[in-house]
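The values are calculated or read from the model by the stated rules, or taken from the named source; none is laboratory data. Keep in mind that what you see is a predicted model, and the values were worked out from it rather than measured. When we count neighbours, we look across all protein chains shown, and the Cβ atoms used for this are built from the backbone with ideal geometry, even at glycine. The protein model used for the area step is the full one, side chains on, heavy atoms only, and it has no ligands, DNA or RNA in it. Shrake-Rupley method; radii C 1.70, N 1.55, O 1.52, S 1.80 Å.
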Amino acid sequence: MSDDAQLAEDPAPNQGPSELSALRIQEVLEGLPHAVVVADEGSRILYANLATERLLGWGRGELVGKPLTVIIPERDREAHLAGMARYLLTHEPRVIDGRPIRVVASSRTGREVEIELSLSAHRPDSDREMFVGSLRDLTDRVALEHQRTLTRYIELARDITGHLGLIKDAHGLEEAARVVLQAIGETLQWDYGIAWVPKGDDLCPLHSWRRERPHPLAEEVGGSSLRLARGEGLPGRVWATGEPAWIQDVEVDPDFPRAAAALDHGLRSAFAFPIVAHGTLACVVEFFTRERRLPEWELMAAMSTAGEHIGRLIERAEARREATAARERAATMANALQASLLPPRAPAIPGLEVATRYHAATGDGEVGGDFYDVFPTAPGRWAIVIGDVEGRGPQAAAMSALARYTVRGAAAEDPPATQVLRTLNEVLLAEQAPDDVEWPRFLTAAYICLETARGEVSGMAACGGHPLPLIVNPHDGLRELPCRGSLLGILADADFAETEVRLSPGDAAVLVTDGAFEGRSGKEVFGEERLHQVVTNAAGQHADGIASTIEDAVLSFLEGERQDDLAIVVVRVPDRP
């Protein structure tokens, strides 16, 4: 047994002054409430006090003669040996005689115990140096700290994802990376953060954050030209495993190729976690600190969960952008299709004023089912038709087109108004398949044929389930044309009434679809009574003024939110000079 071991095991009673001094030192060490371990230059344990047994489970004197690494976790042994060798070579202390550091010790059973280590070096003689370590048990403090830390990290993760969720115009991953780096870096006092994204077979920096600005960090740590392969460095390790990772000391980590650059700027510890979207890695977030930090499992767990939430937010943001783009494309196509279903402009009819308006319902980007047309049937004879197909979308658009061109064809020989609607009804019934649930079931239409060649404006009107045409002038007020009839496309024996139309100077015929009066603002409906009042108040204006008055009143009531299509046709006989 060595002299040092003998001192630890069985101090002799009758000693000289130096031995008595050593004995008293030993008694003091034995009485300390925290563990003390003494080792030589070769990291061989010379002495361990009684508190060491309570802390690490080794029997009294059992540690003496063993290598110091038996109480160091295996993952940290290489770093310990490298640090000891560096000190013996340079005698430049980094931990020795410095402030206490938090490390992990390994018990006899392999259980890890977090401790506060104070380390000092002593040379009792000229030939050898001894190292004395004071190990203060942090178990109770750590348990409380871990609970507080976990709560803090969970709240941080919630704040990050909550903030991202409030960013309506976030630019996906880049915006998420900026928020995450700043929030974690500032809150947890890390010094430098980098977000990495996969590009082909490599990871490339997307965004970086620095706690100190300006702070010239080396290009080799997180510069824009840097590339890391899968498994290379800390970000590459996270990419390969899909799990968070921690480096306690970049200097001794074998998988850290940027160690020299990091150390040049005082960066010691690092951790990283993944952000996964659509089942694949979207980003690796990496942080550095100048302090040497033990792995914080709570932080990695909380950030792993935050990474999952952030990934889902990115997925939703991308889905929203794709849906918006799809709606915009659909709206563009719908507008183009709708334009093809309507006359390009109101025709010029000699002796009459003509004005039209059309607004598709807002919000869905689908083509509407409302239509109108004004066209000549013979010299001095004109047809006016307005209609509303049930529903919206491609099938409604197809039915609108069919109805419009059927009316044109049916009116070519200038038959009675009711005959035009009967022909339209027959065509609609012939086009409907019994099992086609998407084809609209019916449409409504109002048809007026007018003659202007004889110096007066007269004709006939017929309706198929449509709002009745209105005749208005500033002297006689407003009246409806009594031409009610059946819905079109439902019954083979549909019945349509026909009524005569005579327009005097100042008279205007107003035709609208139900979007002009069925719209709601809250619980209030615009209503036919309000529409009639608006038309009555507009009497005496030119055709365009009457159409604009109706349009403005309806859209103002609905506050721009059109729940249905709106079509308006106004034909007016000018006042006599």
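A few comments on the model shown:
- Across the accessible surface of segment 223-324, with the other protein chains kept in place and a 1.4 Å probe, carbon and sulfur atoms take up 51 percent.
- Modelled label positions at Gln432 and Thr90, each set 7 Å beyond Cα in the direction of Cβ, lie 9.1 nm from each other.
- Between Ala319 and Lys523, the contour length at 0.36 nm per residue exceeds the alpha carbon distance by 70.1 nm.
- For Glu518, the residues whose modelled amide H falls within less than 5 Å of its own, excluding neighbours fewer than 5 places apart on the same chain, are Gly527.
- When Tyr87, Tyr192 are compared by accessible area at a 1.4 angstrom probe, the order from most to least is Tyr87, Tyr192.
- Computed from backbone phi with θ = phi - 60° and the Karplus coefficients 6.51, -1.76 and 1.60, the 3J(HN,Hα) list for segment 306-317 is 4, x, 5, 5, 4, x, 5, 5, 5, 4, 5, 4 Hz; x is used for glycine and proline.
- With R₀ set to 45 Å, the beta-carbon distance separating Arg441 from Glu174 gives a calculated FRET efficiency near 0.35.
- Whole-Hz ³J(HN,Hα) from phi, Karplus 6.51 cos²θ - 1.76 cosθ + 1.60, for segment 244-254, glycine and proline x: x, 8, 9, 10, 6, 9, 5, 5, 10, 7, x
- Under 5 Å from the amide H of Glu129 lie the amide H atoms of Glu41, each residue being 5 or more positions distant or on a separate chain, with H modelled from the backbone and absent for Pro and chain starts.
- Each label was represented as a point 7 Å from its Cα along the Cα-to-Cβ direction; for Leu263 and Arg102 these points are 2.5 nm apart.
- On the beta carbon distance between Ser556 and Arg210, with R0 = 41 Å, the FRET formula returns roughly 0.15.
- Geometric extent, Cα atoms of segment 451-534 - Rg, Dmax (angstrom): 15.2, 50
- Where only alpha carbons of segment 173-269 are counted, the Rg and the Dmax (Å): 12.8, 34
- Accessible surface, segment 421-577, averaged per residue in Å² (probe 1.4 Å): 48 Å²
- Placed amide H near Ala35: partners under 5 Å, 5+ positions off or other chain: Leu135, Asp137
- Accessible surface calculations at 1.4 Å, restricted to protein heavy atoms, place segment 207-286 at 43 Å² per residue.
- Packing, as the average of other Cβ atoms within 10 Å across residues, places the peptides 545-555, 382-392 in the order 382-392, 545-555, highest first.
- Longest to shortest principal axis, alpha-carbon extents of segment 380-533, angstrom: 52, 47, 24
- ³J(HN,Hα), Karplus 6.51/-1.76/1.60, whole Hz, each residue of segment 494-499, x for Gly, Pro: 4, 10, 10, 8, 10, 9
- With every protein chain in place, segment 466-506: carbon and sulfur % of accessible area (1.4 Å): 46 percent
- Judged by the mean number of other Cβ atoms found within 10 Å, the most tightly packed of the peptides 511-518, 177-184 leads the ranking 511-518, 177-184.
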